[in-house]
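Since the structure comes first, as structure tokens, the remarks are kept for the end.
The values are calculated or read from the model by the stated rules, or taken from the named source; none is laboratory data. A quick note: this is a predicted structure, and the numbers were derived from the prediction, not measured. Using ideal geometry, Cβ is built from the backbone for each residue, glycine included, and neighbour counts are taken over all protein chains shown. For accessibility, only protein heavy atoms count, side chains too; no ligands or nucleic acids. Shrake-Rupley method; radii C 1.70, N 1.55, O 1.52, S 1.80 Å.
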Amino acid sequence: MPTTITGTDGVSQVQTGAVESGDLPAGSVIQVVQGTTSTEISSTSTSYIDTSLSASITPTSSTSKILVLVNHSDIRRQDAGLGFRLMRNGTQIVEFASNLGWSADPSPDRHVGTPSTVYLDSPNTTSSITYSTQTKVTIGTGTIVVQADSDPSFITLMEIAG
């Protein structure tokens, strides 16, 4: 907490120091963490697999919220639709981009976009949290490729004062 000091001339001054996260108004950004990966993942699995995209954050307060922003790079598929889900410490918190890119076109390496999501989480903890993504073939019997050609994907975590 800032301390007010009155000098011998009668003028008050505020002594400043580090601002504690508890002193910030609700909605303030306390910290930002970013993770990235360029590891190409190719799969025919109809069960979720890790995309290698993850980042960890340790909230300063149990009332903080974590804003999660995910942007996966070049995604390709051949005779398959794909889905993604966002994980917190290995547990699904939201599924997004279900059946992305599905069509009967069997063209190899068909580009299907850059799936992304924004999610506001309330983890209610001050312990370290790891957010990650997973993908799977949701329809068809073909192959999906995440981070095709080693294009980078990003996940950004922002601790927001509660």
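Scan the stretch 57-84 for residues that are open to solvent by 50 Å² or more (accessible area, probe 1.4 Å) and under 16 Å from the mean Cα position of the chain (by Cα) and jot them down.
Of everything in the stretch 57-84, those that are open to solvent by 50 Å² or more (accessible area, probe 1.4 Å) and under 16 Å from the mean Cα position of the chain (by Cα) turn out to be T58, K65, L69, N71.
Across the stretch 114-159, what is the number of residues that are farther than 18 Å from N71 by Cβ, among the β-branched types (V, I, T) and in contact with a Leu (Cβ under 9 Å, 6 or more places away or on another chain)?
Matching residues across the stretch 114-159 total 4.
Could you tell me which numbered condition E95 fails, if it satisfies all but one of (1) free of Cβ contacts under 8 Å to residues at least 40 places away in the same chain; (2) in a loop (DSSP other than H, G, I, E, B)?
The failed condition is (2).
Quick one: in the stretch 41-56, which of the residues that are hydroxyl-bearing (S, T, Y) and closer than 23 Å to S128 by Cα is surrounded by the fewest Cβ atoms within 10 Å (Cβ to Cβ)?
Applying the filter and picking the extreme gives S56.
Every residue, every condition in (1) of a type outside the set (A, V, I, L, M); (2) modelled with pLDDT under 95; (3) buried (at least 21 other Cβ atoms within 10 Å of the Cβ), yes or no:
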position	(1), (2), (3)
S122	yes, no, no
T130	yes, no, no
G140	yes, yes, yes
Q147	yes, yes, yes
D151	yes, yes, no
F154	yes, no, no
L157	no, no, yes
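Any residue at all in the stretch 151-161 that is farther than 29 Å from S43 by Cβ, among the small types (G, A, S) and not in a strand (DSSP E or B)?
Yes, the stretch 151-161 has at least one match.
Looking at the stretch 89-109, which of its residues are in contact with a strand residue (DSSP E or B) (Cβ under 6 Å, 6 or more places away or on another chain), open to solvent by 50 Å² or more (accessible area, probe 1.4 Å) and at pLDDT 80 or above?
N89, Q92, E95
Could you grab me the full set of residues in the stretch 1-36 that are under 23 Å from the mean Cα position of the chain (by Cα) and either part of a strand (DSSP E or B) or modelled with pLDDT of 95 or more (or both)?
V29, I30, Q31, V32, V33, Q34, G35, T36, listed by residue number.
From the list T60, T51, T39, which residue is assigned to a loop (DSSP other than H, G, I, E, B) and out of contact with any Gly (no Cβ under 9 Å at 6 or more places or on another chain)?
T39
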